[in-house]
Each structure stands twice: as structure tokens, then as C-alpha cells.
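Down below is the structure, laid out as C-alpha cells.
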Amino acid sequence: MEIVAKLNSVTKQFGKITALNSLSLEVKKGQAIALLGPNGAGKSTALSILQGLRQPSSGTAQLFGLSAGSKDAMQYVGVTPQTSDFPPQLTPVELLEFAVAHYKNPAKIKDLVEQFSLGEIANRQLRGFSGGEKRKVALALCFAGNPKLLILDEPTAGLDSKGQKHFQKIAKDYVKQGGSVILTSHYWQEIEYIADSIIMIDKGKTILSGKIDEIKSAVGLSLISFTCQNPSDFVTKSFNYSDGKWSAISDKADELVVKLVKNNEQFSSLNINPIALDEALNIYRAKQTNQTKELT
């Protein structure tokens, strides 16, 4: 499968500070990877090197087999940085006209206006735009060149819930059509919806990587929840109650349901789902740490 983005043993030093320490990653065609880690882990540095905005102290960075940041490579890349600002006297349409002029195979401006719901603000000067409105413009600009790779740094920061869900669907559809994504986000639901794999880094090093489904499967836990009008002692002792529902995290969800039936519990609205990604990662990392301790 075609590799669209690659960091090969990249180290980046700022004086005595090592921001990246022999970091390697690959993004293939049709793959969406979430780059995770605490503040200061090196995520933004890694993305800036992929864009050619910074040069690695050692190692190599490539996009589509070309040097990261080269003009030919960036023809296929769309970027949304964490923060962006625009000349206040311009309109979104004027910005998009400027952007598409830099690409060989650009998107149609009318399609971008429609896709990102810019109709009501498309011909207004950006002066006075809210943070959410500016973010919508930044996301539309990301797609101006019909990119094969998106580099999204906190893409929905500043958007309301409706705007977040709208963009998440756009990104998911883009991946389904063969596009590739590198994503950073503080929204776990967004990460899980868009990405199929994660790379977690800390202090510039990879500490965990893998497919989301495989990580959840390895943890082997499910969240079981239901409503119950007259709970027995079994329910009150085995489950937690919150927001009108009883719930529990267990590796034996099926057995718990069988017990509910055998006890003739009057339950309804039963749901059994894999636990949330953030919980799965915490448990997965704890298991890895314990296994390492046992080996030593």
C-alpha cells in the first residue's frame, strides 16, 4: 500500500531540549492516524517537520516519496493548524480564490462553500468573524487543493457541537474515498470516529501504537448499561447508578446479562458496547507496564 507520509528516526533538538527522539511513523493511503500525547510531547513539532516548516536534527521526513515541504509534495497536502488568522478586509471567497490558484488540480470554490456551510458568510469581510466562523473557513482552505493527505491539528477547536459533528463526517467520508489523515485532537469521540489507528508519544518518543479496534479487543472490556425500575440487591451491588441507568465495565458482559434474566430483573434499554477509547488506552498501557515489570 502506498506510503503517503513518513518520519524515519527523526530527532529534533532545540538547544539542550530534545523535542523528538528518533521518532518514526508511517501513514498509508486511506489511513487515518491520530497522533496523541500530553502537551509538550512533540506532536506539533512532528507535524511541522512533515510540512517542511522545521528541519530535523537527524532522520528524514517524506511526503509521497518526496522531501517534506517541497513544492511538489505540498501540492497534495491540506493543512489546518491549531490557530489561524486572516486579513480582515478579505472575504472567505476571496481567500479561497487565492488558495486554489496555488494548486494544479484545485477544488471548486462553490463546492467548498456548500460543503463547509459558508453560504451566509461567504462574501462578508472576515472582520468581526467569530472563532467558530474563522475555523470553518480554515477547514475549507484545507481542502482547496483536492489533497491526498490532510494534516489536522485540533481541527474542530472553536466549533460548536453541530460544527464538530459536521466536520467529523466530512473527514470520515474523505478517508472512505481513499484520502489519508494525520490528526491531533483533545476530543476522544472525534479521534475514535475519524481515526483507525493511534500513535501515542511522550517526550518525543513513541510509547504506544496500534489500531484502535485491536487495542480495544486486547483490553477485552465492555460497558453494559440498562434501565431497571425495581432493582434487586444483585443489581445494586453489581452495577453503578447514574443518570437513570445502571452500568458496569466487565470482561464478562454476557454472563451478567444471563444473571439479569435468571433473576427476573425487570430491565430494558440494554446496551453492551466496547469501553471508550481513553479508558481502553489507560488499561492497555497499565497492562503493558505490568508485563514489563514481570519480565524484569
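Quick check: from the Cα gyration tensor, does the chain come out rounded (a/c under 1.5), prolate or oblate? Taking the square roots of the gyration eigenvalues as a ≥ b ≥ c, the chain is oblate. Multiplying the residue separation of residue 169 and residue 214 by 0.36 nm and removing their Cα-Cα distance gives an extension gain of 13.9 nm. Cβ-Cβ distance of residue 252 and residue 8, R₀ of 45 Å, FRET efficiency by 1/(1 + (r/R0)^6): the value works out to about 0.55. Placing pseudo-labels 7 Å out from each Cα toward the beta carbon at residue 241 and residue 89 gives an inter-label distance of 6.6 nm. With 27 Å as the limit on Cα-Cα distance, the pairs of 108/165; 71/108; 43/71; 172/252 that go past it are 172/252. Prolate is the label for the range 46-178, because a/c, from the alpha-carbon gyration tensor with a ≥ b ≥ c as root eigenvalues, is 1.5 or above and a/b exceeds b/c.
Between residue 98 and residue 67, the distance separating the two model label sites (each 7 Å from Cα on the Cα→Cβ line) works out to 2.7 nm.
Taking 0.36 nm per residue of sequence separation and removing the Cα-Cα distance, the residue 60/residue 157 pair yields an extension gain of 31.9 nm. Overall, the range 1-128 carries a charge dipole of about 380 debye about its Cα centre when +1 sits on the Cβ of Lys and Arg and -1 on the Cβ of Asp and Glu, all other atoms neutral.
Taking 7 Å steps out from each Cα toward its Cβ at residue 234 and residue 28 produces label points 4.6 nm apart. Summed over qualifying helices (DSSP H, 4 residues or more, each -39500 (n - 2.57)) and divided by its residue number, the chain shows a 222 nm mean residue ellipticity of -10500 deg cm²/dmol. Please work out the FRET efficiency for the pair residue 188 and residue 259, using the Cβ-Cβ distance as r and a Förster radius of 41 Å; give the result to the nearest 0.05. Efficiency computed from Cβ-Cβ geometry: 0.85. If R0 is taken as 45 Å, the Cβ-Cβ distance between residue 282 and residue 117 corresponds to a FRET efficiency of 0.80. Cross-link partners for residue 176 among the lysines, with Cα-Cα distance under 16 Å and sequence neighbours closer than 8 places in the same chain left out: 28, 29, 148. Determine the percent antiparallel among the DSSP beta bridges restricted to the chain, to the nearest 5. Within the chain, antiparallel bridges account for around 70 percent of the total. Please work out whether the range 6-59 counts as rounded, prolate or oblate from its C-alpha gyration tensor, where a ≥ b ≥ c are the square roots of the eigenvalues and a/c under 1.5 means rounded, while otherwise a/b larger than b/c means prolate and anything else oblate? Prolate is the answer for the range 6-59, as a/c is 1.5 or above and a/b outweighs b/c. Charging the Cβ of each Asp and Glu at -1 and of each Lys and Arg at +1, and nothing else, the dipole of the chain about its Cα centre rounds to 620 debye.
Bear in mind these aren't lab numbers, they're just calculated from the coordinates by the rules spelled out. Just so we're clear, the structure is a prediction, and the values are computed from it rather than from any experiment. Counting neighbours? That spans all protein chains shown, and the Cβs are built from the backbone with ideal geometry, glycine included.
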